[in-house]
Amino acid sequence: MKWLKWLLIGVAAALLLFAAVGLALPSQFRVERSVAIAAPAGKVYPLIAAPAEWKRWSAWNLRDPKMRIEYGGPASGAGASWSWRSETEGNGTMEFTEAVPDTRLAYRLSFPDFGMQSTGELRIEPHGGGVRVSWSNEGEMGANPVNRWFGLFMDRLVGPDFEAGLSNLKRLAEAS
């Protein structure tokens, strides 16, 4: 019985340490990736400014072709929005909050099942004979130590999906 007492004390100490370290971790996260695309901004921008186009290049949409999507607001640009329900990719909503044609698109992203919100943008800048598209997302993980641990790994979790999406965007924009 004495070993059980020590085991419980050890588990409690480990949980306390996990929580204490979690509280000391940064509460913000940021993920960013970019890609050079051999196409003009006028060919790239329509692919990112219209929510309906995201299903052609976003890694999440391509992983779940059965994703249920509803669109709202205008077809593209500021105010355009979409929400999705997916058994494999989760449920969420995205609204485009700012749009500067051929230059920038800002968005607000929400995952209600996790109580998480973030903001991000896609920037298009001249690069060589084409453009460089940079995709970023950042958010606040709050005071919850478990969420802060999750935020610590956000770049490794989301970064590869950004890379895959940008690669798909490149392929689409460069196609004749």
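The values are calculated or read from the model by the stated rules, or taken from the named source; none is laboratory data. Bear in mind the structure is a predicted one, so any value in this text is a computation, not a measurement. FYI the Cβ positions are ideal-geometry reconstructions off the backbone, even for glycines, and counts take in every protein chain you see.
Within the stretch 145-176, restricting attention to residues that are closer than 23 Å to ARG56 by Cα and not in a helix (DSSP H, G or I), the residue that is modelled with the highest pLDDT is ALA175. When PRO126 is tested against the conditions (1) surrounded by fewer than 16 Cβ atoms within 10 Å (Cβ to Cβ); (2) farther than 26 Å from GLY151 by Cα; (3) without any contact (Cβ under 8 Å) to a residue 24 or more places away in the chain; (4) not basic (Lys, Arg), the lone failure is (3). Among the strands (runs of 3 or more DSSP E) confined to the stretch 1-115, the ones with at least 1 residues that are of a type in the set (S, T, N, Q) and under 17 Å from LYS170 (Cα atoms) are located at 28-37.
Okay, residues lined up against (1) under 22 Å from LEU157 (Cβ atoms); (2) in contact with a Gly (Cβ under 9 Å, 6 or more places away or on another chain); (3) without any contact (Cβ under 8 Å) to a residue 40 or more places away in the chain:
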position	(1), (2), (3)
PRO46	no, no, yes
PRO51	no, yes, no
SER58	yes, yes, no
SER83	yes, yes, yes
SER86	yes, yes, yes
GLY92	yes, no, yes
ALA99	no, yes, no
THR103	no, no, no
